[in-house]
Amino acid sequence: MRAFAELLEDLVLTQSRNRKIELLLRHFRECRDPDRGLAVAAITGDLDLPSVKPALIRELASEVSDPELFRLSYDFVGDLAETVSLIWPISQAGDAPQSLGEVMDLLSRASRSTAPAILRDLLDRLDASQRYAVIKLATGGLRIGVSARLAKQALAEFGQVDIGEIEELWHGLTPPYTALFAWLEGRAPKPVSLALAPFRPVMLSHAADERDLETFDPAEFMAEWKWDGIRIQAVGEGGTRRLYSRTGDDISRAFPDIVEAMNFEGTIDGELLVRDAGGSVAPFSALQQRLNRKTVSAKLVREYPAFIRAYDLLRDGNEDVRALPLPQRKERLDALVATLPQARFDLSGPLSFATLDELRALRENPPEPVIEGLMIKRLDSAYVAGRPRGLWFKWKRDPQVVDAVLMYAQRGHGKRSGFYSDYTFGVWRGDELVPVGKAYFGFTDEELKRIDKFVRDNTVERFGPVRSVRADADFGLVLEIAFEGLNRSTRHKSGIAMRFPRISRLRWDKPPAEADRLETLEAMLS
Amino acid sequence: MKAMRPEDLLHPTPRGLYCPPGDFYIDPVRPVNRALVTHGHADHARAGHHSVMATAHTLAIMAIRYGADFCEKQQAAVLGQTISVNGVEVTFYPAGHVLGSAQILVEWKGIRICVSGDYKRMPDPTAETYEPVLCDVFITEATFGLPVFRHPHPALEIAKLIRSVADFPDRTHLVGVYALGKAQRVIRLLRDNGFAGPVFIHGALKELCDYYEASGIALGELRAATVAAGKTGDYSGGVVLGPPSAFNAPWVRRFPDPLIAFASGWMTIRSRMKQRGVELPLVISDHCDWEELTLSIRDTGAGEIWVTHGREEALVRWCELNQIRARPLHLIGYEDEAE
C-alpha cells in the first residue's frame with residue numbers, strides 16, 4: 001500500500017512525461033502482482049468500488065471532526081480526499097494492511113452497510129499519504145496527470161513491445177492484468193484476447209510537407225476531406241457492438257444512437273461527427289457536448305445527433321482485410337455502409353483531381369467550414385497499425401491567424417522554470433482587451449528570453465506565479481497567433497475559445513492599437 | 001475605580017500592538033518612537049524606529065539586514081530578565097522560531113499578557129527552545145491553524161532530500177528556503193542526519209549563515225552557488241539552497257535540469273506544491289502545527305486568546321469548543337506566505 005501511495009505522490013508532482021513513465025516502470029519492476037496491475041487499473045479508471053461514495057467519506061469525516069473546523073479545512077485544502085486524509089486522527093489501531101491487493105480485497109467485498117466500518121478501520125490503520133490514496137481509489141478520479149494512454153505506453157516500454165499490441169489486447173483484459181505482466185516479463189506467451197469486438201490499433205498519417213509534395217504522383221494517390229471530428233473505430237462481432245476512440249477507450253455508452261445502428265459484422269474506421277439542425281456537419285464544439293460522458297441524456301442525443309463518416313474497413317464479416325490494398329477495402333466498405341442506416345453512417349467519398357495544383361485548389365477552398373484539410377492516401381497501401389512512413393498524409397489548411405496583445409504571463413516548469421513562458425493574450429473589445437486564449441509554444445529559446453525580459457520589465461501586478469503585463473493602446477507586445485478554428489464558449493469572458501493556439505510570430509514592431517478586434521474573431525465563427 | 005481590562009494594557013492599532021501605559025509598540029509595522037521586537041523576520045522587525053528593544057541576536061540580525069544604524073537606540077533584552085518600561089514590566093522568553101526569537105510578557109497591575117510573536121515547539125538546534133509562559137491573555141498567530149496541519153518530525157523530511165540526492169545524483173537539488181532561520185535549520189538538519197556532500201548557498205543567505213556560524217551553530221562547509229553557467233557535474237551530489245524569490249529570477253537558469261524542493265509547512269497541501277512547481281516537498285516549518293498551537297494555548301493557562309494572523313477563524317472556533325474566550329485581532333502587515 002505504501003508503494004502505491006508513494007507512486008501517486010510522485011506522479012502528481014512530476015511534470016515531465018518521460019519521468020512519469022520512468023516512475024511507472026520502476027513501480028512495475030519493484031512491485032508484485034496483483035498490486036502493480038491494480039495500480040494500472042486505478043490509473044486507467046478500470047476499478048469500480050460501488051459501495052464507497054463521496055457521501056460516505058464526508059459522513060466519516062463528520063464523525064472525527066467538528067463540522068465547522070472540517071468546513072474551514074476543506075475550504076482551504078480544496079480537495080475532499082486530501083482534507084479527510086489530513087484531518088483524520090492518529091490512532092494506534094494495529095498493523096496497516098501491507099498491500100494494495102489486501103485493501104482492494106477489503107473494499108470490494110464491502111456492502112453498503114458494512115462499508116462505513118470497513119473504511120473507518122482502514123483509515124485508522126494507514127498514514128496520511130496512504131489514506132489519500134485509498135480515498136482516491138475508492139471514489140475514482142485520481143487526477144494525477146496520468147492518462148490511460150500514458151499507463152499503456154509505460155506497459156509497452158516495460159515489455160519492450162509496441163503500444164498497439166497493448167491497446168489491441170486491452171479490452172480482453174481485466175485487473176490485475178497478471179497474464180499481461182507475465183507476457184511483458186517474458187514468462188508466458190502473449191495473452192489471447194477472449195473479448196468479443198476488440199479494438200485494433202489504428203493507422204495514422206504524417207503531416208505532408210513540401211518535400212513530400214515535390215515527388216507526388218497524383219496517379220498513385222487518392223484524396224478525401226479531413227473532417228474535424230474525432231477518430232473512432234466501430235466494431236461489431238457476434239452480436240457485441242463497441243465504439244472505440246483512437247486510443248482504444250470504449251466510448252459506446254456515450255453514443256447509444258450510433259451503437260443502435262451498428263447492425264453489422266466488421267470493423268469500421270471513420271470520423272465521429274455531429275449533424276446540425278439543417279443536416280450539415282456541425283462544428284467541433286457541437287461534438288464536444290457529447291464527449292467525455294459516461295452516459296448521455298435523450299435530450300443531448302436529440303440535439304446533437306451523431307453519425308460516422310466511414311473511411312476504411314479492417315474486418316469484413318469475419319475476414320481480416322487489413323492486408324488488402326486501399327481500393328479493395330473501400331469497395332467492401334461501400335457495400336457494407338450501404339446496408340446501414342443513412343442517418344448514422346455515410347462515406348467519406350474520394351475527391352477527383354488530376355494534378356497537384358487541382359489538389360491544392362481543393363485544399364484552399366473546402367465546401368464546408370468543418371473541413372480541416374485533406375487526407376492523401378497511397379492507393380496501394382495496406383492498413384498498417386501505427387504511423388508508417390509514406391502511406392497516409394494529412395495536408396491541413398493553412399492556420400488562421402490573428403494579432404493579439406500579451407496580457408498575462410505565467411512561469412514555466414522544468415526546463416523553463418525561471419522563465420515566464422505561458423502567455424495569455426487578448427484582442428480589443430471597445431477600448432479594453434479581452435483574453436481569447438493561452439499559448440506556450442511557437443517561439444525559439446532566444447525569443448523566450450526576450451519575451452521573459454519584456455514581462456519582467458513591464459509587470460503591472462503579480463498574483464503568485466502569474467504576472468499581469470502592461471498592455472494599452474500605445475504600449476505592449478503584439479503576438480501573431482495561429483490557430484485551428486474557433487468555438488463559442490461560455491467559460492471565456494470573450495465568448496470564444498481557440499483550438500490549438502500557438503505563437504506564429506512576435507510583432508515587436510506593431511503598436512497594440514493595431515491588433516485585431518473581437519468582432520474580427522466573431523466573424524470567423526460563422 | 002474602574003476594573004482594569006487587558007485592552008487597556010495592549011490593543012491593536014494601525015501601527016501594530018500598542019501599550020498605552022508603557023508607551024511602546026510590539027512588532028510595529030510602521031516607524032514608531034519605541035518598539036519591542038519579537039524576532040528578526042522582516043514583517044516583524046522593520047527599520048526606522050527611534051529605539052528598539054529585542055534580544056541581542058535579533059538586534060544583530062536587524063543590523064545585518066538594515067545596516068548598523070537601523071535605529072537611534074538599541075537595548076538588548078536578556079531572556080528571562082524583567083525590565084521596566086515606564087512602569088510596565090517586560091520579560092522576553094524564548095519562542096523557538098528562529099535564532100533570537102522571543103515571546104514578550106507584558107505585566108501591569110496584575111495583568112499578564114504574553115505576545116508570542118511567531119513560535120514553534122519542534123526540536124531545532126538553531127533556535128532557543130520554546131518555553132510556555134503562564135499568562136491571562138495569550139496572543140498567538142495561526143498560520144497553520146487548521147486541523148489538517150500536522151508537521152512531521154523534521155528528520156523524516158530531511159531524509160527524503162538526502163535520499164533523493166542519492167537517487168538522482170545528476171540533477172541539481174534546489175531547495176527553496178527563507179534566508180533567516182529556515183536556511184540554517186535545513187543545513188543543520190542535513191549535517192545532523194549524515195549528509196556530508198557540499199552545500200551551495202545563494203548570495204542572499206551568506207551573511208545570515210555566517211552570523212549563525214559565529215554564534216556557535218556549526219553549519220559545516222558552505223560554498224557559493226555562483227558558477228555562472230553550470231554544467232551538470234558542477235553541483236552533482238550536492239544541495240543548493242536559495243530564497244524562493246530567486247527561483248523566479250534568472251539565477252535559477254544556471255542549474256541544468258533542476259529538481260525543485262521547498263522547505264515549508266505549506267508543503268502539506270498538494271495545491272501549494274503544484275502552484276510552486278515543487279517536485280520534492282519538505283514539510284519543515286518554523287511555525288506551530290495545529291497540535292502545537294492548541295497545546296500551547298492550554299499550557300499558558302490563559303483565560304483569553306487573541307489571534308493575530310493566519311487561519312484565525314478556525315483557532316477561535318477551537319477555543320470556543322474548549323470554553324476558552326477568543327477573538328481575532330485582525331492585525332495587518334504580517335505575512336504568512338513567507339514561511
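The values are calculated or read from the model by the stated rules, or taken from the named source; none is laboratory data. Keep in mind it's a predicted model, so treat the numbers as computed, not measured. All Cβ positions, glycine included, derive from the backbone under ideal geometry; neighbour counts span all protein chains shown. For accessibility, only protein heavy atoms count, side chains too; no ligands or nucleic acids. Shrake-Rupley method; radii C 1.70, N 1.55, O 1.52, S 1.80 Å.
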### Query
Cβ-Cβ below 6 Å, separation at least six or inter-chain, first residue in segment B:64-80 and under 19 Å from B:Ala204 (Cα atoms), second open to solvent by 80 Å² or more (accessible area, probe 1.4 Å): which pairs?
B:Ile64/B:Glu207
### Query
How many residues does segment A:120-129 contain that are open to solvent by 10 Å² or more (accessible area, probe 1.4 Å) and either over 24 Å from A:Gly37 (Cα atoms) or assigned to a helix (DSSP H, G or I) (or both)?
6
### Message
Condition (residue is aromatic (Phe, Trp, Tyr), closer than 30 Å to A:Ile90 by Cα and either in a loop (DSSP other than H, G, I, E, B) or more than 14 Å from every other protein chain (Cβ to nearest Cβ) (or both)) applied to segment B:104-119: is it met by at least one residue?
### Response
yes
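Given A:Ser193, A:Ser245, which one is among the polar types (S, T, N, Q), touching a residue at least 12 places away in the same chain (Cβ under 8 Å) and not assigned by TED's automatic domain parsing to the domain that holds A:Leu336?
Working: A:Ser245 fails: not assigned by TED's automatic domain parsing to the domain that holds A:Leu336.
Step by step, each of A:Ser193, A:Ser245 is checked, and only A:Ser193 is among the polar types (S, T, N, Q), touching a residue at least 12 places away in the same chain (Cβ under 8 Å) and not assigned by TED's automatic domain parsing to the domain that holds A:Leu336.
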### Task
Check A:Arg26, A:Arg32 and return the single one that is open to solvent by 70 Å² or more (accessible area, probe 1.4 Å), more than 14 Å from chain B (Cβ to nearest Cβ) and on the phi < 0 side of the Ramachandran plot.
A:Arg32
### Task
Report the residue count in segment A:104-119 for those that are of a type in the set (Gly, Ala, Ser) and open to solvent by less than 40 Å² (accessible area, probe 1.4 Å).
2
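Name the residue, out of A:Ser91, A:Ser65, that is of a type in the set (S, T, N, Q), within 12 Å of chain B (Cβ to nearest Cβ) and free of Cβ contacts under 8 Å to residues at least 60 places away in the same chain. Spell out the reasoning first.
On the way: A:Ser91 fails: within 12 Å of chain B (Cβ to nearest Cβ).
The conditions single out A:Ser65.
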### Message
Name the residue that is nearest to the other protein chains (Cβ to nearest Cβ), counting only residues in segment B:123-136 that are open to solvent by 40 Å² or more (accessible area, probe 1.4 Å) and in contact with a helix residue (DSSP H, G or I) (Cβ under 7 Å, 6 or more places away or on another chain).
### Response
B:Pro132
### Task
Please state which of the following conditions B:Arg185 fails to meet, knowing it meets all the rest: (1) surrounded by fewer than 23 Cβ atoms within 10 Å (Cβ to Cβ); (2) more than 14 Å from chain A (Cβ to nearest Cβ); (3) among the basic types (Lys, Arg).
(1)
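Within segment A:278-289, is even one residue more than 26 Å from A:Leu486 (Cα to Cα) and of a type outside the set (A, V, I, L, M, F, W, C)?
No, because not a single residue in segment A:278-289 is more than 26 Å from A:Leu486 (Cα to Cα) and of a type outside the set (A, V, I, L, M, F, W, C).
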### Task
Select from segment B:139-168 the residues that are of a type in the set (D, E, K, R) and either touching a Pro at 6+ places or on another chain (Cβ under 6 Å) or within 18 Å of A:Glu6 (Cα to Cα) (or both) and list them in ascending order.
B:Glu157, B:Lys160, B:Arg163, B:Asp167
### Summary
Restricting attention to segment B:298-315, the residues that are at negative phi, within 14 Å of chain A (Cβ to nearest Cβ) and touching a strand residue (DSSP E or B) at 6+ places or on another chain (Cβ under 6 Å) number exactly 4
### Residue identified as closer than 18 Å to A:Arg36 by Cα and of a type outside the set (Ser, Thr, Tyr) among A:Leu196, A:Leu180
A:Leu180
### Filter pass, A:Asp75 being of a type in the set (Asp, Glu) and surrounded by fewer than 17 Cβ atoms within 10 Å (Cβ to Cβ)
yes
#### Entry: Neighbours by Cβ (under 6 Å, 6+ apart or cross-chain): first from segment A:454-472, open to solvent by 60 Å² or more (accessible area, probe 1.4 Å); second assigned to a strand (DSSP E or B) and of a type in the set (S, T, N, Q)
A:Val460/A:Ser468; A:Glu461/A:Ser468
### Query
Which numbered condition trips up A:Thr424, out of (1) surrounded by 17 or more Cβ atoms within 10 Å (Cβ to Cβ); (2) farther than 30 Å from B:Pro258 by Cα; (3) of a type in the set (Ser, Thr, Tyr)?
(2)
### Query
Would you pick out the residues in segment B:138-168 that are away from every other protein chain (no Cβ under 14 Å), more than 15 Å from the chain's Cα centre (by Cα) and closer than 21 Å to B:Trp290 by Cβ?
B:Phe138, B:Ile139, B:Pro154, B:Ala155
### Task
Name the single residue, out of those in segment B:3-62 being touching a Cys at 6+ places or on another chain (Cβ under 7 Å) and not hydrophobic (A, V, I, L, M, F, W, C), that is most open to solvent (accessible area, probe 1.4 Å).
B:His50
### Message
One residue is enough: does segment B:137-154 have a residue meeting the conditions open to solvent by less than 40 Å² (accessible area, probe 1.4 Å), among the hydroxyl-bearing types (Ser, Thr, Tyr) and assigned to a loop (DSSP other than H, G, I, E, B)?
### Response
yes
## Note on the structure
Checked pairs for segment B:237-252, first within 26 Å of A:Asp457 (Cα to Cα), second open to solvent by 30 Å² or more (accessible area, probe 1.4 Å), C-beta under 6 Å and 6 or more apart or across chains, list as B:Gly242/B:His202; B:Pro243/B:Ala204; B:Ala246/B:His202
### Query
Which of (1) closer than 30 Å to A:Leu13 by Cβ; (2) open to solvent by less than 30 Å² (accessible area, probe 1.4 Å) does A:Trp395 not meet, given it meets every other one?
(1)
### Message
Considering only residues that are open to solvent by 10 Å² or more (accessible area, probe 1.4 Å), among the hydrophobic types (A, V, I, L, M, F, W, C) and not in a strand (DSSP E or B), which ones fall in segment A:220-259?
### Response
A:Ile251, A:Val259
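Considering each of B:Arg327, B:Arg276, B:Arg311, B:Arg254 in turn, give the residue that is closer than 27 Å to A:Glu6 by Cβ and open to solvent by 20 Å² or more (accessible area, probe 1.4 Å). Please lay out each step first, then the result.
Values: B:Arg327 fails: closer than 27 Å to A:Glu6 by Cβ; B:Arg311 fails: closer than 27 Å to A:Glu6 by Cβ; B:Arg254 fails: closer than 27 Å to A:Glu6 by Cβ.
Result of the check over B:Arg327, B:Arg276, B:Arg311, B:Arg254: B:Arg276.
Do the conditions hold for B:Asp210, that is, is it closer than 15 Å to B:Pro125 by Cα, modelled with pLDDT of 95 or more and open to solvent by 50 Å² or more (accessible area, probe 1.4 Å)?
no
Report whether or not B:Gly194 is among the small types (Gly, Ala, Ser) and either open to solvent by less than 10 Å² (accessible area, probe 1.4 Å) or in a strand (DSSP E or B) (or both).
Values: among the small types (Gly, Ala, Ser): yes; either open to solvent by less than 10 Å² (accessible area, probe 1.4 Å) or in a strand (DSSP E or B) (or both): no.
No, not satisfied.
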### Query
In this structure, does B:Ser245 turn out to be under 30 Å from A:Ser73 (Cα atoms) and open to solvent by less than 10 Å² (accessible area, probe 1.4 Å)?
no
